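Structure first, commentary second.
The values are calculated or read from the model by the stated rules, or taken from the named source; none is laboratory data. All figures in this text were calculated on a predicted structure; none of them were measured in a lab. FYI the Cβ positions are ideal-geometry reconstructions off the backbone, even for glycines, and counts take in every protein chain you see. Ligands, DNA and RNA are stripped out before the accessible areas are found, and what is left, the full protein with its side chains, is counted by its heavy atoms. Shrake-Rupley method; radii C 1.70, N 1.55, O 1.52, S 1.80 Å.
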Amino acid sequence: GGNPIEIAAVIVWRVSETAKAVFDVEDYETYVQIQSEAAIRHVASSYAYDHGEHREPTLRESGDEVATELRNELQNRMQKAGVEIEEARWFDVEELPNRPPSISISRRLIDTISTELAARLRRSEARG
């Protein structure tokens, strides 16, 4: 038991194996949505929200660790559908910045992550 919390996740994914995406699951976009929600719930329930015992990681204080676990769990779940997880991040809804209604928080998060991924790709291509 415990108090319910609201969290949001941004998951960047792509179909890496078209045959699996088309033939091994009925509708890969629905599959991704359902498996993503299940993975978020599972990972979130594995951590205390903000008071871990004996310096255990928490959802609020261990964002990078939680994001890594979320990404790994998502990737394991998505292999059946031929989907690769590029990035996964979670956000405590209460900590999302307040923005005027005309600015989409989702769009800003997607743009930020897309920019980071593009920069990472350019760096890896430059290394050769």
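Suppose we keep only residues that are among the aliphatic types (A, V, I, L, M) and modelled with pLDDT under 90 within segment 2-20. Which one would you say is most open to solvent (accessible area, probe 1.4 Å)?
Going through the qualifying residues, I end up with 5.
All but one of (1) of a type in the set (Val, Ile, Thr); (2) over 12 Å from the mean Cα position of the chain (by Cα); (3) not in a helix (DSSP H, G or I) hold for residue 22; state the number of the condition that does not hold.
(3)
Given the criterion acidic (Asp, Glu), open to solvent by 40 Å² or more (accessible area, probe 1.4 Å), at pLDDT 85 or above and farther than 20 Å from residue 82 by Cβ, identify the matching residue among 37, 26, 69, 56.
Sole residue among the options that is acidic (Asp, Glu), open to solvent by 40 Å² or more (accessible area, probe 1.4 Å), at pLDDT 85 or above and farther than 20 Å from residue 82 by Cβ: 69.
Give the residues of segment 41-53 that are open to solvent by 30 Å² or more (accessible area, probe 1.4 Å) and not in a loop (DSSP other than H, G, I, E, B), sorted by residue number.
41, 42, 45, 48, 53
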